[in-house]
Amino acid sequence: MSLQTTTRRLLLLGLAALAACASAPPPSAPAAVSGEGGNELRVLVLRGGTAARLGHNHVLRATGLHVDWPAAGPVLSFRLDALAIDPPALRQRLGPAFASAVDDEARAGTRANLLKALDAMAHPEVIVRTLQQLGEGGQRAVEAEITLHGVTRRQWFAVDVDGRHARGQVVVRQSDFGIAPFAVLGGLLAVQDALIVQFELTQP
């Protein structure tokens, strides 16, 4: 390997480290906890950019998740500043794509960049409100309204129901809510527009 190639690779690694820690970390978020009342919502953020291999996939857990159960179906709400960023145990559960270690400094950088990209100071809360359910038994098609970044959009979910328990996931595009996916260095490091939202709910 030439000296020029080695130098270029070292430069890319240095830029990646700077990107992860570019913003000063805000106050620490609450520690990751088990889903409150058997309820859990997590968001998978997928790495992108021309140097994606230098970054990480991320998982966010909604701590303080609040769930109401009106007749139409559950209404979920949580605060963006209460998201747990890359809890180690959860990363381990998600398998090889999330196996890379993320230290406290990198988590702090991710949190700062995330809250800035989502304009969390102006729009701190996310609300998911069920509108209708189609089907019966174990598989349901569920339509809901998602309010994020001050924008409300309708979205269909695929949900598996087992008694009082429900599990499902949906793909949400940040651009649909007026959010520009995070990117630095001219797109060298970025996150994908599509987010995977997974949830598990237990009706009391």
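Given the options 128, 161, name the one that is out of contact with any Leu (no Cβ under 9 Å at 6 or more places or on another chain), buried (at least 19 other Cβ atoms within 10 Å of the Cβ) and either without any contact (Cβ under 8 Å) to a residue 40 or more places away in the chain or not aromatic (Phe, Trp, Tyr) (or both).
Values: 128 fails: out of contact with any Leu (no Cβ under 9 Å at 6 or more places or on another chain).
Residue meeting the stated conditions: 161.
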Within segment 88-107, residues being surrounded by 13 or more Cβ atoms within 10 Å (Cβ to Cβ) and either of a type in the set (D, E, K, R) or under 12 Å from the mean Cα position of the chain (by Cα) (or both) number 2
Conditions (1) over 17 Å from the mean Cα position of the chain (by Cα); (2) within 17 Å of residue 78 (Cα to Cα); (3) of a type in the set (A, V, I, L, M) -> residue 184 fails only (2)
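None of the figures in this text is laboratory data; all of them are computed from the coordinates on show. Computed from a predicted structure; not experimentally measured. With ideal geometry, Cβ positions are generated from the backbone for all residues, glycine too; neighbour counts draw on all protein chains shown.
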